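The block underneath contains the structure these notes are about, expressed in structure tokens.
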Amino acid sequence: MAAVTLENWVERIRDLKIECMSSDEMAALQSRRLADVVNRAYHNVDFYHKKMKALGVEPGDIKGIEDIHKLPFTTKEDLRDNYPFGLLAIPKKDVVRVQGTSGTTGKLTLASYSQKDVDVWGECVARCLAMAGLTEEDILHVCYGYGLFTGGIGLDLGARALGAMAIPMSAGNTQRQMMCMEDFGATAIACTPSYALHLAESLQEAGLVSSLKIKAGIHGAEPWTEEMRRKIESILEINCFDIYGLCEITGPGVAQDCIHHAGLHVNADYFYPEVLDPATNQACADKETGELIFTTLSKEAMPLIRYRTKDLTSIDHSTCECGRTTPRISKFTGRTDDMKVIRGVNVFPTQVETALLGMGGAVAPHYLMIVDREENMDILTVMVEVDESVFSDEIRKLDALKNKIGAVLKQALGVSVRVKLVEPKTIQRSEGKAVRVIDKRNIE
Ligand code: DLL
């Protein structure tokens, strides 16, 4: 099967009308859809009626997408306060499914879907799969979890909308995953990047890489770096793509990068993105980092207006080399609540990942950050897996490697770090979203 190359790329997307619209056409479509969604939210959702009244905004004030800044924000707390069905804009009997994600504090964040919402979701994921070069000929091995989490069913809906074959593996049992990938002739895999690395290493160890037909990986649900992408690509000899989404907005398929990996194309005809300075709520200029906010432009069951994702990114409205005109958001460095402040310095796990992958050699990209407090001082310890052979070296060499990693991390993060070297496979592998940080400062 032909792989996606830069040469055949433009050829493949020539027919994509929505993704290649002029900015005026897109703004007209978004304006029509925004007016409609605001009208429905105002008249059918008590929460939005009250919020808009409080701001003195009527649906008639929203004449076009340029008026979006007049509308109120929605937060995760608002979803929690209206849990589980308080934000429905349609009768409950017309809801055909719910999906959710567990927060840090007990209750789920729940999203409801009408049949049309499910269809739009499938269409968005299908666009992403097509962006990764897949067609109806492909066989997609889905090892995101199925269930309330949107990963499994989302990729499945996308494969269905594309006319491809989905293998609904769900997460776990790596041996069985490898056997089915080989036996069923999967041509693409979909899972978190951390699990993709684990799977890739396991396939390599088993000597199975060359017998696979995989050409693309669709990875998301957690922050990961360009270095990690290249690592998975080099082991499996495939192209990896970064798919983004959140259950409140739809699930995976809100955005994904193309073969140029120059940002993630947002399906902006369905989800209108804004990037705002979280301190002032003013719009950031293109390429300036801020908080990503989404307004769902077509959702029937649970439309959300100006939903604050807490995800940090920047936006670029220029046309991509691939020919798509849809706005691109930059790869995520993390969420505002993922960021750790250590002795006054902001630290993201992705910075550790980049630094470790840059070192190569005996250093593996499997790590865990532990933040603790000793005598009122924040202490960051980074556990790093290193090659088994390192432990048979003299203590002097082990210490030298530890110091070297410490120096690289200090340079990358701007704070000093205690390094703990551990043997391969010591750090627990995740089948879902990887746990990269344990903050013991919050644990009494
Ligand atoms: O993680 C949906 C998803 C499933 C996306 C499969 C991609 C693939 P939630 O469980 O609601 O939904 O978590 C959403 O995960 O706000 C981000 O913080 C993070 N996230 C999702 N995709 C990416 C990505 C799914 N590609 C939260 N890069 C979001 C970085 C991501 N972070």
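Data for the structure
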read-out	value
Only listed residue being more than 25 Å from R32 (Cα to Cα) and aromatic (F, W, Y), chosen from F271, F241	F241
Verdict on G251 being at positive phi, in the same structural domain as K17 (by TED's automatic domain parsing) and either touching a strand residue (DSSP E or B) at 6+ places or on another chain (Cβ under 8 Å) or not charged (D, E, K, R) (or both)	yes
Test: residue in segment 95-104 that is in a loop (DSSP other than H, G, I, E, B), at pLDDT below 95 and surrounded by fewer than 21 Cβ atoms within 10 Å (Cβ to Cβ)	yes
Those residues of segment 278-302 which are charged (D, E, K, R) and without any contact (Cβ under 8 Å) to a residue 40 or more places away in the chain, in sequence order	D286, E288
Condition met for T174 (under 26 Å from E136 (Cβ atoms), modelled with pLDDT of 95 or more and within 23 Å of the chain's Cα centre (by Cα))	no
Residue match in segment 150-159 (condition: more than 16 Å from V254 (Cα to Cα) and of a type in the set (S, T, Y))	no
So G154, is it touching a residue at least 24 places away in the same chain (Cβ under 8 Å), surrounded by fewer than 20 Cβ atoms within 10 Å (Cβ to Cβ) and of a type outside the set (V, I, T)	no
Criterion (in contact with a Gly (Cβ under 7 Å, 6 or more places away or on another chain) and surrounded by 13 or more Cβ atoms within 10 Å (Cβ to Cβ)) met by exactly one of L110, L134, L88, L79	L110
3 or more residues within 12 Å of the ligand (Cβ to nearest atom) and surrounded by 24 or more Cβ atoms within 10 Å (Cβ to Cβ): qualifying strands (runs of 3 or more DSSP E) within segment 222-268	239-246, 251-257
Among (1) within 16 Å of the ligand (Cβ to nearest atom); (2) free of Cβ contacts under 8 Å to residues at least 24 places away in the same chain, the one test that K93 misses	(1)
Inter-residue pairs, beta-carbon under 7 Å, first more than 22 Å from I395 (Cβ to Cβ) and in segment 413-434, second aliphatic (A, V, I, L, M) and assigned to a loop (DSSP other than H, G, I, E, B), 6+ apart	E431/A171; G432/A171; K433/A221
Pairs with Cβ under 9 Å, 6+ apart, first in segment 252-268 and free of Cβ contacts under 8 Å to residues at least 60 places away in the same chain and under 19 Å from S23 (Cα atoms), second in a loop (DSSP other than H, G, I, E, B) and of a type outside the set (K, R)	none
Boolean, T174 is out of contact with any helix residue (DSSP H, G or I) (no Cβ under 7 Å at 6 or more places or on another chain), polar (S, T, N, Q) and in contact (Cβ under 8 Å) with a residue 12 or more places away in the chain	no
Test: residue in segment 152-162 that is at pLDDT below 95, hydrophobic (A, V, I, L, M, F, W, C) and under 30 Å from A200 (Cα atoms)	yes
Index of the failed condition, Y272 passing every other in (1) more than 30 Å from V45 (Cβ to Cβ); (2) away from the ligand (no atom under 16 Å from the Cβ); (3) under 19 Å from the mean Cα position of the chain (by Cα); (4) not in a loop (DSSP other than H, G, I, E, B)	(1)
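The rows are residues; the columns are (1) surrounded by fewer than 20 Cβ atoms within 10 Å (Cβ to Cβ); (2) among the polar types (S, T, N, Q).
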site	(1), (2)
D316	yes, no
G323	yes, no
D337	yes, no
V347	no, no
T354	yes, yes
L357	yes, no
G360	yes, no
I379	yes, no
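Okay, residues lined up against (1) modelled with pLDDT of 95 or more; (2) in contact with a strand residue (DSSP E or B) (Cβ under 8 Å, 6 or more places away or on another chain):
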site: D337; (1), (2): no, yes
site: P349; (1), (2): no, yes
site: E388; (1), (2): no, no
site: V408; (1), (2): yes, no
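The values are calculated or read from the model by the stated rules, or taken from the named source; none is laboratory data. On a predicted model such as this, the values are computed, not experimentally measured, just so you know. Don't worry about glycine lacking a Cβ; one is built from the backbone with ideal geometry, like all the others, and counts go over all protein chains shown.
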